[in-house]
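Please read the structure below before turning to the comments.
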Amino acid sequence: MTFFDAVVHLFIPHDSNNHRPRLLHPHAFLAYVVFIVFFGFGIRAASNIAPEILGIATNISVEDLLYDTNLKRQESDLPPLILNPKLSQAAYNKAQNMFSQNYWAHFGPNGESPWDFIVSSGYSYSFAGENLAKDFNESSSVVQAWMDSPTHKDNILKSEYKDIGFAVVNGKFNGQETTLVVQMFGTSNSNNQASDNFNIIEESAKASDSQELIVAGVSKLPILNVKTLNKSVTILLLGLLMIVLVLDGILISMRKTIRISGHNIAHILFLGAFLGAVWLTAAGSIR
Amino acid sequence: MDSRKLFDFSHHIFHYLVLTIILVGGLTAFFSFRNYPVIQFLIGIGISLTYVLWGIIHHYIDRDLSIKIVIEFAVIAVFVIIILWNVLI
């Protein structure tokens, strides 16, 4: 079989492929399924071996998260929240607990609640709340995702809150690299607010290495971003199949070929819908 | 089966209208759960299964339903589900 014959066999309805391009045969779709599964597992495994080459690109900083959160509050005529080291410590402990216990929720498998972390960090509250996010690439996407969700938005725009803490921590869930963002809100029930603020400044000045880590955020830029590569390969495969389906439909229609198969229009609509869905799918999830 | 049917909407305009409603409704639900990938994945499975059902009913009414066609719709649905798993989960 020459190269030309092979191309015809794969892409064009012809005697050699029973008048259906080989790329559209059910066996070919099963091969795509196997390819996607191996490719998905393969790049995840590769990202564990060489994350600096093939990894998750992340650029999330506490400074940007605080700025974006307070910007949203400002747009709703609310006072800005003050970054509180105790709430940041609580957020950091919560993130570490989620990684160590391998869960992604407000409440842990052993009954750990967000309030436990806030209280154990030394912050005594009258109001408190928590927003979670993971797998986002940028700070602005995180805050926008929370603002798109009514319950998370309520937290950000709650007038009772005075203080805020953040933790941006990298780790692994189920062997997969993940960036967790924990946002803790609070209002101290201490009567001596001025003293609390003084303590905050003092603690910031004496920040330990771990606290600096908490404040800084996470910035990673591998040579290849796993998610972008995954999405690009998927879009290319779906796009290729759409082109072959359209080409096949046109040729079959022109040649008036009679065959038993599903209608191309239906497959084009279905695959086209998911091509759009994959294309527009945003990274990240929130809780 | 008449080959002219391949790109002819008119003889099954209602069927394709139903398919379009399924896909538009499904994708609306899909995007309304942006940032909830597990729910999006489940919605994708729902749309894919509905697509297989649509294909079976469509070809049954068309009187050309065969096991080959059912398999064709099923493997395309599985393909989309695996793609969503890879991108979302």
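At a glance:
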read-out	value
Among the residues listed as B:L65, B:L19, the single one being more than 14 Å from the chain's Cα centre (by Cα) and either part of a helix (DSSP H, G or I) or surrounded by 16 or more Cβ atoms within 10 Å (Cβ to Cβ) (or both)	B:L65
Residue under evaluation A:V34, criteria (1) within 14 Å of chain B (Cβ to nearest Cβ); (2) surrounded by 16 or more Cβ atoms within 10 Å (Cβ to Cβ); (3) hydrophobic (A, V, I, L, M, F, W, C), criterion not met	(2)
Failed criterion for A:T58 (all others in (1) crowded, with 16+ Cβ neighbours inside 10 Å; (2) at pLDDT 95 or above hold)	(2)
Any hit, region A:68-82, residues being touching a Gly at 6+ places or on another chain (Cβ under 8 Å) and either within 14 Å of chain B (Cβ to nearest Cβ) or not in a loop (DSSP other than H, G, I, E, B) (or both)	no
Filter result (assigned to a helix (DSSP H, G or I) and either basic (K, R) or facing another protein chain (nearest Cβ under 10 Å) (or both)) within region B:33-45	B:P37, B:V38, B:I39, B:Q40, B:I43, B:G44
Top-ranked residue of region B:46-58 - restricted to ones that are aliphatic (A, V, I, L, M) and surrounded by 16 or more Cβ atoms within 10 Å (Cβ to Cβ), ranked as nearest to the other protein chains (Cβ to nearest Cβ)	B:I47
Residue that is open to solvent by 40 Å² or more (accessible area, probe 1.4 Å), at pLDDT 90 or above and either among the polar types (S, T, N, Q) or not in a strand (DSSP E or B) (or both), where the choices are A:S232, A:S219	A:S232
Where A:L245 falls short, out of the listed (1) of a type in the set (A, V, I, L, M); (2) outside any helix (DSSP H, G or I); (3) open to solvent by less than 10 Å² (accessible area, probe 1.4 Å)	(2)
Number of the condition not met by B:A29 [criteria: (1) assigned to a helix (DSSP H, G or I); (2) at the interface with chain A (Cβ under 10 Å from one of its Cβ atoms); (3) touching a Gly at 6+ places or on another chain (Cβ under 9 Å)]	(2)
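The values are calculated or read from the model by the stated rules, or taken from the named source; none is laboratory data. In this text, all values refer to a predicted model and were calculated from it rather than measured experimentally. Note that we place each Cβ from the backbone using ideal geometry, even for glycine, and neighbour counts take in every protein chain shown. Only protein heavy atoms, including side chains, enter the accessible area calculation; ligands, DNA and RNA are left aside. Shrake-Rupley method; radii C 1.70, N 1.55, O 1.52, S 1.80 Å.
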